[in-house]
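The next block holds one structure in the form of structure tokens; read it before the comments.
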């Protein structure tokens, strides 16, 4: 089997991965923020890029390079999402107290429960 044939098969696999990830995205909207979606797009772009080296197309090379860079950025974000974090309520409380002290007396600041009653 020649390298041109292997590159064509790899390109077809990449195209299939693109289509599969897009189809899953349309069926499940929350799929876009998953590691699986990002990796599918990254591998698809790399596979198509490999096939481009043997059947050169500048426009496609630019798109695949962009897709790889965006997927790498998304991969970093996905890995960042998996780290546990804790929300700190103190900044919101400080903002509330600042507004309460510095707003004119004519402006009322009420909790959400009391606003609904009025």
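The values are calculated or read from the model by the stated rules, or taken from the named source; none is laboratory data. Nothing here was measured: the structure is a model prediction, and the numbers come from that model. Ideal geometry is used to build each Cβ from the backbone, glycine not excepted, and the neighbour counts take in all protein chains shown.
Working carefully through the options 15, 116, 45, 59, find the one that is assigned to a helix (DSSP H, G or I), loosely packed, with under 11 Cβ neighbours inside 10 Å and modelled with pLDDT of 90 or more.
Details: 15 fails: loosely packed, with under 11 Cβ neighbours inside 10 Å; 116 fails: modelled with pLDDT of 90 or more; 45 fails: loosely packed, with under 11 Cβ neighbours inside 10 Å.
On inspection, the qualifying residue turns out to be 59.
Is it the case, given these coordinates, that residue 31 is over 28 Å from residue 79 (Cα atoms) and assigned to a helix (DSSP H, G or I)?
Values: over 28 Å from residue 79 (Cα atoms): no; assigned to a helix (DSSP H, G or I): yes.
So residue 31 does not fit the description; no.
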> Hey, among 94, 83, 77, which residue is modelled with pLDDT under 80 and in a helix (DSSP H, G or I)?
Replying inline: 94
> Which residue pairs have Cβ atoms closer than 9 Å, lie 6 or more positions apart in sequence or on different chains, and pair a first residue in the range 62-75 that is at positive phi and touching a residue at least 40 places away in the same chain (Cβ under 8 Å) with a second residue that is surrounded by 13 or more Cβ atoms within 10 Å (Cβ to Cβ) and in a helix (DSSP H, G or I)?
Replying inline: none
